[in-house]
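Following: one structure in structure tokens, then a few remarks.
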């Protein structure tokens, strides 16, 4: 594969990743809306973990950073359980909103 062909393929993969983001954000919203369902929080945590790693690979470093931060904030709740107070929920809300801004 030539350098130009490789660059073209990488650009195509980047575009496909970008095009898939609205569906990912919808999935994130749906999972967060199911709080306090522990299974939904665990799945949200997994999805954020995946996004944190994959976003950087596809050229969305800021998105990956916000996803990692949200993942880290949720980690103790997923691991240890317990309820989220209003301030904590607001922090998660803000981080999930920041995900969309980081994708622009």
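The values are calculated or read from the model by the stated rules, or taken from the named source; none is laboratory data. If you're wondering where the values come from, they're calculated on a predicted model, not measured in any experiment. Methodologically, a virtual Cβ is constructed for each residue, glycine included, from the backbone with ideal geometry; neighbour enumeration extends over all protein chains shown.
Which of the residues spanning region 21-52 are exposed (fewer than 15 other Cβ atoms within 10 Å of the Cβ) and touching a helix residue (DSSP H, G or I) at 6+ places or on another chain (Cβ under 7 Å)?
27, 34
Restricting the search to region 1-39, which residues are touching a residue at least 12 places away in the same chain (Cβ under 8 Å) and not in a helix (DSSP H, G or I)?
35, 36
I'm trying to understand the selection: among the residues of region 75-104, which are modelled with pLDDT under 95, surrounded by fewer than 13 Cβ atoms within 10 Å (Cβ to Cβ) and over 26 Å from residue 56 (Cβ atoms)?
Within region 75-104, 80, 81, 82, 83, 85, 86, 87 qualify.
Determine whether region 63-83 contains at least one residue that is assigned to a helix (DSSP H, G or I), over 30 Å from residue 7 (Cα atoms) and in contact (Cβ under 8 Å) with a residue 60 or more places away in the chain.
no
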